[in-house]
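In what follows, a single structure is set out as structure tokens and then discussed.
The values are calculated or read from the model by the stated rules, or taken from the named source; none is laboratory data. None of the values given here were measured: they were computed from a predicted structure. Here the Cβ positions follow ideal geometry from the backbone for every residue, glycine too, while neighbour counts run over all protein chains shown.
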Amino acid sequence: MILAGYFARRVKPKPEHLSAPGVREICSVSECMSPGHDDWIKSWRHNSLGWFNTVSDAIGVVPEAERGEFRLFAYRIHPEAFRGRERLPLTVPDDVRPEAPPAGFRSIGFDSASRSSDAGLSLECSPLSCNGMASELAANEHCLFATLDDAIAGAVQFAVEQPEPGDYYVVEVLEGPLRIDPSRSTNAERAIT
């Protein structure tokens, strides 16, 4: 797995229409249900995968007064893309050079998400949450696959069935140890409690 960056997002609870009893919240890599801050892209601090190379940049795009609404994640991407029935080697953009995760990040599962264009900025949709596939495939409480093998099997299935158009990528989702605290120093690096 290749460390690919950090992102702060508002994690939403499972929507009522998703009939997946084990799912409690949506921590997918997609912004469809649990988005980043509305203005994150305007800062232009992100890398070509749409994530940030430093924790301080990921936090820094969220206004201090809103930081309590966000959770911090790190992402590691599997070194293959899935297109139809093919597995292609992943080409990591040159600007994807994240710092090592601070102590305390822990894996909460794996996602399989689409990207329909190389010109697109980030991964687009996670069929587990965006298309309700968590009601058909085993998903954990975070609406993620529990294992890498399950996520790869999901990516293979999604690449053939195309619930969302595009190639599919497998990403390990890691969550930072604690929430971002808006009452701490304005120094983004000290904003993690």
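Candidates Trp44, Trp40: the one that is touching a strand residue (DSSP E or B) at 6+ places or on another chain (Cβ under 8 Å), among the aromatic types (Phe, Trp, Tyr) and modelled with pLDDT under 95 is Trp40. Taken over the range 86-108, the criterion of being at pLDDT below 95 and of a type outside the set (A, V, I, L, M) is satisfied by Thr91, Pro93, Asp94, Asp95, Pro101, Pro102, Gly104. Among the candidates Glu80, Glu66, Glu31, Glu86, the residue that is among the acidic types (Asp, Glu) and surrounded by fewer than 13 Cβ atoms within 10 Å (Cβ to Cβ) is uniquely Glu86. Of everything listed in (1) surrounded by 14 or more Cβ atoms within 10 Å (Cβ to Cβ); (2) part of a helix (DSSP H, G or I); (3) modelled with pLDDT under 90, the single unmet condition for Glu189 is (1).
Looking at the range 114-163, which of its residues are among the hydroxyl-bearing types (Ser, Thr, Tyr), in contact with a Cys (Cβ under 7 Å, 6 or more places away or on another chain) and over 18 Å from Arg24 (Cα atoms)?
Within the range 114-163, Ser114 is the sole residue that qualifies.
Filtering Ser117, Ser112 for residues that are closer than 18 Å to Leu88 by Cβ and part of a loop (DSSP other than H, G, I, E, B) leaves a single hit, Ser117.
With respect to Gly22, determine if the residue is under 22 Å from Val156 (Cα atoms) and out of contact with any Gly (no Cβ under 9 Å at 6 or more places or on another chain). So Gly22 does not fit the description; no. Scanning the range 121-149 for residues that are of a type in the set (S, T, N, Q) and part of a loop (DSSP other than H, G, I, E, B), we see that the one that is surrounded by the most Cβ atoms within 10 Å (Cβ to Cβ) is Ser126. Candidates are the residues of the range 31-70 that are of a type in the set (S, T, N, Q) and either in contact with a helix residue (DSSP H, G or I) (Cβ under 6 Å, 6 or more places away or on another chain) or without any contact (Cβ under 8 Å) to a residue 24 or more places away in the chain (or both); the one that is nearest to Pro93 (Cα to Cα) is Ser43. For Pro13, the conditions (1) surrounded by 14 or more Cβ atoms within 10 Å (Cβ to Cβ); (2) within 18 Å of Val173 (Cβ to Cβ); (3) not small (Gly, Ala, Ser) all hold with the exception of (1). Report whether or not Asp111 is surrounded by fewer than 20 Cβ atoms within 10 Å (Cβ to Cβ) and in contact (Cβ under 8 Å) with a residue 24 or more places away in the chain. Against the criterion (surrounded by fewer than 20 Cβ atoms within 10 Å (Cβ to Cβ) and in contact (Cβ under 8 Å) with a residue 24 or more places away in the chain), Asp111 does not qualify. The numbered conditions (1) under 26 Å from Leu18 (Cβ atoms); (2) among the aliphatic types (A, V, I, L, M); (3) part of a loop (DSSP other than H, G, I, E, B) are all true for Ala100 except (1). Annotation note: of Ala81, Ala65, Ala8, Ala20, the sole residue that is modelled with pLDDT of 90 or more and either among the hydroxyl-bearing types (Ser, Thr, Tyr) or under 14 Å from the mean Cα position of the chain (by Cα) (or both) is Ala8.
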